[in-house]
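Chemist: Before I ask anything, let me first share the structure, which is written out below as structure tokens.
Every read-out reported here was derived from the displayed coordinates using simple, explicitly stated rules and does not represent laboratory data. The model shown is predicted, which means the values in this text are computed figures rather than measured ones. Cβ placement follows ideal geometry from the backbone for every residue including glycine, while neighbour counts extend to all protein chains displayed.
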Amino acid sequence: MDIEKASFIGLLLVVSAAFVVLLFDFLQPVFWAATLAVLFHPAHRRLMVLLKKRRTPAALLTLLLICITVLLPAWFISAALVNEASTLYKAIQSGEIDLSRAVEWLRNTAPAVTEFLAGLGITPEKITESVSSAAVVSGQYVGSMAVTTGQNIARFSINFLLMIYILFFFIREGERLLEILIIAMPFGDARERALLTKFAEVSRATVKGTLVIGLIQGGLGGLIFWMLGIQGAVFWGAVMVVLSLIPVVGASFVWAPAAIIMLASGEYIDAAILVVFGVLVIGLVDNVLRPILVGRDTRMPDYLVLLSTLGGLSVFGPSGIVMGPIIAALFLAIWVMFAEEHAGRTLHEFLDRSP
């Protein structure tokens, strides 16, 4: 490589790094715009056919569809979540919600279980303290998020409007932007097309397999809590959305203790309804819907989804619930391509292999 070419590549890297630093504070609006554009690309293509390939009207209608089906519901749910988290936090602090009653009922009803847990160093007092602390910390966390958002309402509004603006152009010019990206990247056009296709495929499947299924489980959990008159239904539904990332037992970490509290309070019929609904409806959502929403070849391992989501939450905040798994999907897609090209084998046969 001659000095002239090396200098040009060095300048290219420096300017690109400076550009990334310049836009770093706007990473999340750009990410959400790109993600929503990918997820709603099939709908946009159908609208393009109906509108005879008129790009601007099709993009505007797709943007309207995203606002109605995603953005507005997310706004109202977030407002309700913050309000209920604050109410629940105050109820626990004031003693209106007494968690020790359920622990005492468990001690009297199932002494063998209590003794077994005591042998592991888990006493009823520790359980009560841990559950109370977890509920209080959760309420404080959501409340602090509300305060932070309120204090930075101008910044939040700017980022939201920026995301909408970028989303419109990603929808309308998405295919052209991808072609430009393919031409510019130095990895080989065939490999770049395969990588972008695989990334879109895995990202779409990952979002469906984590966020959509989690929202359905959390929504069903919040619905049954509301129907049974349990305080903070929206808040506990949101907690179930996050816990649904834990395979098999995720949402049961919320509804099972709630059923125990009901039993301790003598609400036997409501407790039975909650258990039956939790096992037969909430518990089966993952097994029934995941194969439908997520193809076998595009599914990420459950442990990778969980780890990437927790990592995303720690790095990006609430947006990490989606950003983490999508970054992991890109990582996985690149290594699958590498294995297929250079090892002549596919990693999916190992990732999907049953123990």
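Chemist: Between Leu162 and Thr197, with labels modelled 7 Å along Cα→Cβ, what's the label distance in nm to one decimal, could you check?
Modeler: For Leu162 paired with Thr197, the spin-label model returns 3.4 nm.
Chemist: So how do 308-315, 49-56 stack up, highest first, on mean other-Cβ count within 10 Å?
Modeler: 308-315, 49-56
Chemist: A follow-up question, please. Which distance in nm do the two modelled labels at Ile180 and Leu60 give, with both placed 7 Å along the Cα-to-Cβ direction?
Modeler: 2.3 nm
Chemist: Through the Karplus equation 6.51 cos²θ - 1.76 cosθ + 1.60, θ set to phi - 60°, convert the phi angles of the range 54-60 into ³J(HN,Hα) values in whole Hz; use x for Gly and Pro.
Modeler: Result, rounded to whole Hz: 7, 5, 5, x, 5, 5, 5.
Chemist: Can you tell me the FRET efficiency between Asn83 and Val14 if r is taken as the Cβ-Cβ distance and R0 is 41 Å, rounded to the nearest 0.05?
Modeler: That pair, Asn83 with Val14, gives E of 0.25.
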